[in-house]
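For reference, the structure discussed in these notes is given below.
The values are calculated or read from the model by the stated rules, or taken from the named source; none is laboratory data. Predicted model, so just to flag it, every value in this text is computed and none were measured. For neighbour counting, all protein chains shown are included, and Cβ atoms are generated from backbone atoms with ideal geometry for every residue, glycine included.
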Amino acid sequence: MRLSQLAATLLISAIAFLPVQGHAADEADPVVATVAGVEIRASELKLAEGDLDPQFARLPDEQRRVAALAAVIDIKTLARKAEAEKLDQTDEFKKLMQFQRDRALHNAIFKANVVDPVTDADIKARYEKELAATPPEEEVSARHILVKTEEEAKAIITELDAGKDFAELAKEKSTGPSAGQGGDLGYFTKGRMVPEFEAVAFTLKAGEYAKEPVETQFGWHVIKLEDRRQTAAPEFQAVADQVRQLVMRERYGDLIKAARAEIKIDVLDPALKEAYEAINEQP
């Protein structure tokens with residue numbers, strides 16, 4: 001694939017219009033190329049690499065830099081042509097630039113006030129808070145045999161009373177999707193099964209089966225309880241990224257709420273105003 005084709009996959013954002021003329025020589029951010037006298041610096045390549053199509057993530061570093069360079073060169077080449085045609089003087093372009101500037105400032109304050117300040121200690125504290133607010137629940141492991149009629153279910157209970165193996169009977173007679181696994185439903189907490197089923201399952205002792213069949217919308221069940229236990233809390237490392245996102249969402253909410261309180265916001269379109277206010281009333 002030619003470099004011009006590689007460059008075409010770059011997601012063009014504000015990078016096309018970043019003013020880079022007039023930079024003093026900087027060893028930490030060297031000039032790597034020029035386009036019509038406009039400098040392209042190493043820092044700009046980094047920005048471009050971040051906007052490359054995900055397929056380029058698999059390329060070696062140097063190939064990815066070349067793809068980013070090709071993209072920036074093409075962007076700046078067409079940007080100079082657009083300037084020559086005075087496209088930067090149109091109202092549409094000026095509105096776009098104002099929006100791009102506002103979005104960049106939004107992202108900058110989000111990074112400075114929400115993303116960067118979050119520490120490992122913050123995440124661990126939020127994790128501990130979630131654990132304290134979510135006490136362990138009881139969960140049970142059960143098997144069942146599902147059949148169409150009460151008579152069939154009662155006949156199965158008779159076979160169990162005679163010493164037949166529950167799992168083998170489930171494989172042989174159950175019409176439910178868990179039949180191949182001997183009727184095994186795994187562990188579940190209250191609220192996961194239909195009410196009629198769990199009302200019986202949670203009253204049984206481990207190793208005990210119900211002496212009466214249970215009717216639900218799916219048919220007639222013969223239920224056996226395998227085990228009961230308390231749910232285990234997730235390990236911190238397993239949910240750290242999710243907790244980080246939770247912390248950032250909360251801090252962003254606080255940031256935007258405080259910022260809105262400092263300015264006047266008027267939504268003039270009646271339908272949009274109603275919808276916007278309804279959204280903001282949600283917790």
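Inside segment 78-93, can you point out the residues that are in a helix (DSSP H, G or I) and not charged (D, E, K, R)? Passing the criteria: Leu78, Ala79, Ala82, Ala84, Leu87, Gln89, Phe93. What is the residue count in segment 152-176 for residues that are more than 17 Å from Gly186 (Cα to Cα) and in contact with a strand residue (DSSP E or B) (Cβ under 8 Å, 6 or more places away or on another chain)? Here the count works out to 8.
I'm trying to understand the selection: among the residues of segment 115-169, which are in a loop (DSSP other than H, G, I, E, B) and among the β-branched types (Val, Ile, Thr)? It would help to see each step written out before you state the result.
Residues of segment 115-169 that are in a loop (DSSP other than H, G, I, E, B), as a first pass: 116-119, 134-137, 148-149, 162-165.
Val118, Thr119, Thr134, Thr149 - these are the residues of segment 115-169 that are in a loop (DSSP other than H, G, I, E, B) and among the β-branched types (Val, Ile, Thr).
Among the residues of segment 39-67, those that are closer than 17 Å to Asp29 by Cβ, touching a residue at least 24 places away in the same chain (Cβ under 8 Å) and within 28 Å of the chain's Cα centre (by Cα) comprise Leu47, Ala48.
Rundown of residues vs (1) closer than 15 Å to Val214 by Cβ; (2) assigned by TED's automatic domain parsing to the domain that holds Glu226; (3) of a type in the set (Val, Ile, Thr), yes/no style:
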| site | (1), (2), (3) |
| --- | --- |
| Ile145 | yes, yes, yes |
| Thr149 | yes, yes, yes |
| Ala153 | yes, yes, no |
| Ile157 | yes, yes, yes |
| Asp161 | no, yes, no |
| Tyr187 | no, yes, no |
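Return yes or no: is Thr231 at pLDDT below 95, under 30 Å from Leu169 (Cβ atoms) and not basic (Lys, Arg)? For Thr231, the condition - at pLDDT below 95, under 30 Å from Leu169 (Cβ atoms) and not basic (Lys, Arg) - is met. A single entry from Lys154, Lys171 fulfils the requirement of being closer than 20 Å to Ala199 by Cα, free of Cβ contacts under 8 Å to residues at least 60 places away in the same chain and surrounded by fewer than 19 Cβ atoms within 10 Å (Cβ to Cβ): Lys154. Remark: pairs (first residue in segment 261-275, without any contact (Cβ under 8 Å) to a residue 60 or more places away in the chain; second residue in a loop (DSSP other than H, G, I, E, B) and of a type in the set (A, V, I, L, M); Cβ separation under 6 Å; 6+ apart in sequence or on different chains) = Lys273/Val267.
Quick one: would you say Leu96 is surrounded by 13 or more Cβ atoms within 10 Å (Cβ to Cβ) and in a helix (DSSP H, G or I)?
Working: surrounded by 13 or more Cβ atoms within 10 Å (Cβ to Cβ): yes; in a helix (DSSP H, G or I): yes.
Yes.
Scanning segment 225-283 for residues that are within 30 Å of Glu208 (Cβ to Cβ) and in contact with a Lys or Arg (Cβ under 7 Å, 6 or more places away or on another chain) yields a count of 2.
Yes or no, residue by residue, for (1) at pLDDT below 85; (2) not in a loop (DSSP other than H, G, I, E, B):
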site	(1), (2)
Met1	yes, no
Thr9	yes, no
Val32	no, yes
Ala48	no, yes
Gln55	yes, yes
Ala70	no, yes
Lys76	no, yes
His106	no, yes
